[in-house]
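Peer 1: Here's a structure for you.
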Amino acid sequence: QAFAAPDRLSARAWVSPCAHTSGGNMDVRSGENINGTRMSWNIWPSTRLDATRIIVPLGCLYTPLKPVEGLQLVEYEPVICKARDCGAVLNPCCFVDFHSKSWTCPFCLQRNPFPAMYAEHISEVSLPAELLPACSTIEYILPSQCSPPIFLLVLDTAIIEEELDQAKDSLQQSLAMMPQDALVGFITFGAMVYVHELSSTALPKAYAFRGAKEYTSQQVAYQLGFGQKNPAGSGSQAHAARRFLMPVEECEFTLNSLLDDLVKDAWPLAGHDRRPFRCTGAALSVALGLVEATCPQSSVRVTLVVGGPCNVGPGMVVGEELAETIRSHLDLQRETPNAKHTKKALKFYTSLASRAVSCGFAVDIFACSLDQVGLYEMKVLADKTGGYMVMSDSFSMGVFKDSFRKMFDCDENGYLQLGFNAKIEVFTSREFKCCGAVGGLSSLGKKSPAVAETEIGEGGTCQWVAGSLDKNTTMAFYFDITNQTAGAMPNNKQSYLQFQTSYLHPSGRKRLRVTTLSHRYTDANMADIVTGFDQEAAAVIMARYAVFKCENEDPLDVLRWVDRMLIRLVSKFADYRKDEPSSFNLMPELSIFPQFMYHLRRSNFLQTFGTSPDETAYYRTIILRENTMNSLVMIQPALLQYSFEEGPPQPVLLDTCSLKPDVILLMDDFFHVVIWRGEKIQAWKDKGYDELEEYANFKTLLQAPANDAKQILGDRFPVPKFIQTNAGGSQARFVTSKVNPSNGGMGGATDSSTVITDDVSLKVFMEHLIKLAVQS
């Protein structure tokens, strides 16, 4: 089965298929469908100095589980390079010597003999799948078995009855959708933490933990009755733990009855001026303790469903009294008494995150509340483990209900569309190294020749862990050219890069996906490097870098850094005469990049004005892990126009000039999908024309954007908030805050298309940019 049919091959099959053709207009998007990758530069600078001159970092956006075209699944072990510091897998970029039956690794240049099975059959016309040019991405199904997925549900009961009923309803729905062999556990918390036993049907039994203290896995195991007395790994321990983590088919009835009978936390309240007690931190430490003690390095998700801020015990973010308001951005900047819990809480949740990372778990946070719940402090849990984060106003809204349901969607074979406990490793050829990665992952601190001295994101390693991956999870990897001298590179030299992602598949088998890429180095004068610039990928790579910098730097400094980078990039690659702005011309490969940066500067990722720390944390977490197109929609929302004249919907400029009275607009900024109706359209709707038979075409026009919005809502995770509004309506702010204020109330007409704002328009921004770029 390892060998492909000879008729698909030519005698020159070993010629590196990874080599990109140079010249002409390069299709910079092609790599995404074949390998799940997008590079900021598809032709590479050849020296370290040149790499600093191209301004935008050399980076790669990689989606490890992307359903790529024609993916080969093979059921055998990969052939690995035997060199001491290597470990790269046999791939189409290797040079194969058919006479000596050996292959040369492009990463370390070591010659390796083929295993006997390969050596016997290999020839110019008969190649194993992993050497076929079409298989630059291949997936190995490895012999090692793993456990079925394990879901530990952690539910907040210190919320009002209506909200609790909605949350319970979603949990019960998810039970019906889970694969029958998946294991499930259930913990509730209010003032105390309760771990529910799922094996007893007659009398429900729960173990209580105090909400004011943190618990280690040993303490949890001991209290639940499978601690020190039994040596670790003994059968009795697994049997004891089975009371708390059971297959869905065996405990569905018990858990449903438990949920039916569950009521709001009964802890006595001190009065209406106080918050209900909620020990979120203790509940998470008990939940992690339970799975650490019973199933480390398995396919585990700890899913927290929370409806308010933690105000008891470790991880508290606010006091008990409602008079004490939860911290704002201003409180955090000035370190006012309102922010007194923040540092301690951050330290606590970071320690929980390291516990989860060391066991390969994912921690999901579904937070629904009109006020903040402490996502700013808890964000580290989802960021480091690759768990989901979903934020909404209420458990009754589609943002929560539909997103929670989507987590349990299965493919046509009945498997969850998720990968668990993924280890991602990078291999590089010797003239460049990896500075680090930004995304929902954590460093494993593994050293190799591929590790650069400069660090960006999670750096100082060539291997990372992500507790969970789905088909959109995308990591950004940043690279540094180490070659110092221009003459050291022969003409047309290629760089080689390999990603190896091993993960636990829901089918119970371990899998390894290998993606190998190769790019051409440019010559010393970098004449053609711009033809390989992918401005969409570059915008996302810059946005991730900027958002990551915001973790440790003042967002204003980050804004200035983005501006400096843009000015330097444009002044390096544009055509102009010194000090003559009118002579300025930007080639098509760079033409929309400044526009992306303009919208990034205005976005909630870098601007904190008017948002809470929780909202900022949520937006930043999501942009750090989404794929290229989704990230671009977050940076510069998409706007579609529906009108009687145009026929099918037309993409229009994200600009106030698009806000016309006789059109309907559909705006998608990833988090919100907004239907905006102009004054005329709204007036006709108010008069009920859409109900009259002679105006059927008007009804069709109103229906079209609704259908398109429904499709977006159906495809996306987290599910966006759906808003319908009209010109001058209270919710129109979702559109007016995003559009470019090209007629921002500076004189001129003041109709519905005027947006009065302090922001500069794109035109003014570009004028300033050009003026600074052409300065001598």
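The values are calculated or read from the model by the stated rules, or taken from the named source; none is laboratory data. Computed from a prediction, not measured in an experiment: that's the story for all the values here. Don't worry about glycine lacking a Cβ; one is built from the backbone with ideal geometry, like all the others, and counts go over all protein chains shown. Ligands, DNA and RNA are stripped out before the accessible areas are found, and what is left, the full protein with its side chains, is counted by its heavy atoms. Shrake-Rupley method; radii C 1.70, N 1.55, O 1.52, S 1.80 Å.
Peer 1: What is the projected area of the convex hull of the Cα atoms of region 596-690, averaged over all directions, in nm²?
Peer 2: Values: hull surface 30.7 nm².
With the hull built on Cα positions only, its mean projection is 7.7 nm².
Peer 1: A follow-up question, please. Hey, for a label at Met587 modelled as a point 7 Å past Cα toward Cβ, could you say which residues of region 533-550 have their backbone N under 18 Å away?
Peer 2: Flagged as within label range: 533-539.
Peer 1: Starting from the Cα gyration tensor of region 23-69, multiply each eigenvalue by 5, take the square root, and state the resulting semi-axes largest first in whole Å. Don't skip to the answer; put the middle values down first.
Peer 2: On the way: eigenvalues 115, 36, 9 Å².
Semi-axes, largest first: 24, 13, 7 Å.
Peer 1: Still on this structure: Over all Cα pairs of region 69-216, how is the pair count split among 5 Å bins, expressed in % and running from 0 up to the last occupied bin?
Peer 2: For region 69-216, the pair-distance distribution reads 2, 7, 11, 13, 11, 7, 5, 5, 7, 9, 9, 8, 5, 2, 0, 0.
Peer 1: Order 668-678, 709-719, 276-286, 348-358 from most to least packed using the mean count of other Cβ atoms within 10 Å. Write out the running numbers ahead of the final one.
Peer 2: Values: 668-678: 22.6, 709-719: 16.2, 276-286: 27.7, 348-358: 20.0.
Result, highest mean Cβ count within 10 Å first: 276-286, 668-678, 348-358, 709-719.
Peer 1: Next question, about the same structure. log₁₀ I(q)/I(0) of region 442-495 at q = 0.19, 0.31 Å⁻¹, via Debye over equal Cα point scatterers, no solvent, to two decimals?
Peer 2: Per q value, in the given order, log10 I(q)/I(0) is -0.81, -1.29.
Peer 1: Something else about it: Taking 0.36 nm per intervening residue step and subtracting the Cα-Cα distance, what contour gain separates Ser776 from Trp561 on full extension?
Peer 2: So the chain would gain 75.4 nm between Ser776 and Trp561.
Peer 1: Now a separate question. Order His239, His768, His272, most accessible first, counting only protein heavy atoms with a 1.4 angstrom probe. Don't skip to the end; give the middle numbers.
Peer 2: Details: His239 135, His768 105, His272 190 Å².
Ranked from most to least accessible, the order is His272, His239, His768.
Peer 1: Oh, and also: With the calculation restricted to Cα positions, what are the radius of gyration and Dmax of region 652-776 in angstrom?
Peer 2: Final numbers for Rg and Dmax: 17.4, 67 Å.
Peer 1: How high is the relative contact order of the chain, in percent, with contacts defined as C-alpha pairs under 8 Å that are six or more residues apart?
Peer 2: Values: 1658 pairs, mean separation 109.4, N = 776.
Relative contact order here is 14 percent.
Peer 1: Can I ask one more? Using the C-alpha gyration tensor of region 317-373, what are the square roots of 5 times its eigenvalues, in whole angstrom, with the largest one first?
Peer 2: Values: eigenvalues 131, 44, 18 Å².
For region 317-373, the ellipsoid semi-axes come out as 26, 15, 9 Å.
Peer 1: Here's another thing I want to ask about it. Assuming 0.36 nm per residue, please report the length gained on full extension of the stretch Arg111 to Lys82 beyond their Cα-Cα distance.
Peer 2: Values: separation 29, 0.36 × 29 = 10.44 nm, distance 0.86 nm.
Stretched fully, the Arg111-Lys82 segment lengthens by 9.6 nm.
Peer 1: Which of the three applies to region 650-719, rounded, prolate or oblate, going by the alpha-carbon gyration tensor with a ≥ b ≥ c and a/c under 1.5 meaning rounded? If you can, show how the numbers build up before the last one.
Peer 2: Values: a/c = 2.59, a/b = 1.44, b/c = 1.80.
Oblate is the answer for region 650-719, as a/c is 1.5 or above yet b/c matches or exceeds a/b.
Peer 1: Checking a compactness column here: for region 527-638, what do you get for Rg(Cα) / (2.2 N^0.38 Å), N being the number of residues?
Peer 2: Numbers: Rg = 15.1 Å, N = 112, 2.2 N^0.38 = 13.2 Å.
It is 1.14.
Peer 1: When you have a sec, figure out the Kirkwood radius of region 309-407 from all distinct Cα pair distances and drop it here in Å to one decimal? Could the numbers behind the result be given before it?
Peer 2: On the way: mean 1/r = 0.0692 Å⁻¹.
Its Kirkwood hydrodynamic radius stands at 14.5 Å.
Peer 1: While we're here: 222 nm [θ] for the chain, helices only, -39500 (n - 2.57) per DSSP H run of 4+, per residue, to 500?
Peer 2: Values: 21 runs with 232 residues, N = 776.
Result for the chain: -9000 deg cm²/dmol, rounded to the nearest 500.
Peer 1: Please calculate the 1.4 Å probe accessible area of Val74, with all protein chains present, and give it to the nearest 10 Å².
Peer 2: Spelled out: Val74, probe radius 1.4 Å, area about 10 Å².
Peer 1: First measure r as the distance between the Cβ atoms of Glu162 and Leu713, then evaluate 1/(1 + (r/R0)^6) with R0 = 25 Å and state the FRET efficiency to the nearest 0.05. Could you put the intermediate results ahead of the total?
Peer 2: Details: r = 24 Å, r/R0 = 0.94.
FRET efficiency, Glu162 to Leu713: 0.60.
Peer 1: Counting only protein heavy atoms and using a 1.4 Å probe, what share of the accessible area of the chain belongs to carbon plus sulfur, as a whole percent? Walk me through the intermediate numbers first.
Peer 2: Values: 16680 of 31890 Å².
Looking at the chain in its full context, I get 52 percent from C and S.
Peer 1: Would you mind listing how long region 159-301 runs along its three principal axes, going by Cα atoms, in whole Å with the largest first?
Peer 2: Cα spread of region 159-301 along its principal axes, largest to smallest: 50, 34, 29 Å.
Peer 1: Where the centre of each part is set by its Cα atoms, how far does region 507-548 sit from region 81-121, in angstrom?
Peer 2: So the separation of the two Cα centres works out to 26 Å.
Peer 1: Points 7 angstrom from Cα along the Cβ direction at Asn413 and Asp261: gap in nanometres?
Peer 2: Here the answer is 4.0 nm between the modelled labels.
Peer 1: With label points built 7 Å along Cα→Cβ from the Cα atoms of Lys510 and Leu444, find their separation and express it in nm.
Peer 2: 1.0 nm
Peer 1: Principal axis lengths of region 418-521 from Cα atoms, whole Å, largest first?
Peer 2: Taking max minus min along each principal axis of the Cα atoms, region 418-521 gives 51, 25, 22 Å.
Peer 1: Another one. Which value in nm describes the separation of the simple spin-label points at His99 and Glu455, placed 7 Å from the Cα toward the beta carbon?
Peer 2: 5.0 nm
Peer 1: Rounded, prolate or oblate: which fits region 387-430 when a ≥ b ≥ c are the square roots of the eigenvalues of the alpha-carbon gyration tensor, with rounded for a/c under 1.5 and prolate only if a/b beats b/c?
Peer 2: Working: a/c = 4.49, a/b = 1.82, b/c = 2.46.
Oblate shape, in that a/c is at least 1.5 and b/c is the bigger or equal ratio.
Peer 1: For the chain, what is the convex hull volume of the alpha-carbon atoms per residue, in Å³?
Peer 2: So the per-residue hull volume is 201 Å³.
Peer 1: Also, I was wondering about something else. I want to make sure I understand the PRE zone here: with the label point 7 angstrom from the Cα of Thr482 toward its beta carbon, which residues in region 59-86 have backbone N atoms less than 13 Å away?
Peer 2: From region 59-86, the list is 85-86.
Peer 1: Is region 253-329 best put as rounded, prolate or oblate by its Cα gyration tensor, with a ≥ b ≥ c the root eigenvalues, rounded for a/c under 1.5, and otherwise prolate when a/b is larger than b/c, oblate when not? The partial results should precede the final answer.
Peer 2: Details: a/c = 2.78, a/b = 1.47, b/c = 1.89.
The shape class here is oblate.
Peer 1: Right, something else. When the label point is put 7 Å from the Cα of Gln333 along its Cα-to-beta-carbon vector, which residues of region 527-551 have a backbone N closer than 16 Å?
Peer 2: Once the point is set 7 Å along Cα→Cβ of Gln333, 550-551 turn out to lie under 16 Å by backbone N, inside region 527-551.
Peer 1: Here is a further query. Which lysines, on any chain, are close to Lys660 with Cα under 27 Å apart, when same-chain ones fewer than 8 places away are left out?
Peer 2: Answer for Lys660, where 27 Å is the Cα cut-off: Lys680, Lys685, Lys687, Lys699, Lys710, Lys721, Lys738, Lys763, listed by chain and number.
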